Amino acid sequence: MSKKKITIYSLLVFVALLSVLNFRFISTQAKFFSLEKEIAEHPARQELGAYFLPIVIADTGSIPRKSSAPASTNSNLYLNLPSIGISAPIVLETSKDPNVIYKTLERGVVHFAGTPMPGEAGTSIILGHSSAYPWYQGKYGSVFALLNKLSVGDIFQIQTGGKILSYKVTDSLIFSPFSDQDTLAKFEQSDGSSVLLVSCWPVGTNYKRLAVKAELI
């Protein structure tokens, strides 16, 4: 076999493996682009109030389609990002152990222990996966795969019991969790009540983090 053929076959194998390992992300992106116009024109994109929260454009699969948080989350908090068709329960995790958090992320997005609860003064941090291996257990392995598509001015909501909190996206930041602590500390600062949605970035790696900041309105 010639060197040229070996190179071509090697590239094909590499692409195939990359596609398999990032299947959740690729399928999520495909769903988003196929429904992008419908999401943009949906009433939930323009209106606030109780009607806004249950509307989820995403299909079942890696992005769940439910209107209330499952009892197993031990939480009455629910996150809805209609501009990108995402809906998920917010799990209250008391541990900061990465292994514990990783396991808890199988049940939804996770409120990072030690940060304020949504609606309280300060900045609440909510973590979610942007991608996961095909054998990953859980339905939320790519729940934040489209986080980078949130734009300044986008509005999303968090349901807490019978109360609905509305947030407006104000900024975003890509940072290294190992060397950008000062930058992140400044980014977290809030005079009111804010939320940071955080995930690994770029999708398919854990090299950096993407944080999207939103203020309570």
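What FRET efficiency comes out for the pair Val152/Ile217, r = Cβ-Cβ distance, R0 = 22 Å, nearest 0.05? That gives a FRET efficiency of 0.95.
Of Ser190, Ser95, the sequence from fewest to most neighbouring Cβ atoms within 10 angstrom is Ser95, Ser190.
By other beta-carbon atoms within 10 Å, ranking Leu92, Leu105, Leu79 with the fewest at the front produces Leu92, Leu105, Leu79. Sorting Lys168, Lys139, Lys163 from the fewest to the most surrounding beta carbons within 10 angstrom yields Lys163, Lys168, Lys139. Distance between the pseudo-spin-label points of Thr94 and Thr160 (7 Å out from Cα toward the beta carbon): 1.9 nm. A Förster radius of 41 Å, combined with the Cβ-Cβ distance separating Lys208 from Ser2, puts the computed FRET efficiency at roughly 0.55.
Our estimate of slack between Ile101 and Gln181, defined as 0.36 nm per intervening residue step minus the Cα-Cα distance, is 26.8 nm.
No value in this document is a laboratory result; all are computed from the given coordinates. Computed from a prediction, not measured in an experiment: that's the story for all the values here. Positions of Cβ are backbone-derived with ideal geometry, glycine not excepted, and every protein chain shown enters the neighbour counts.
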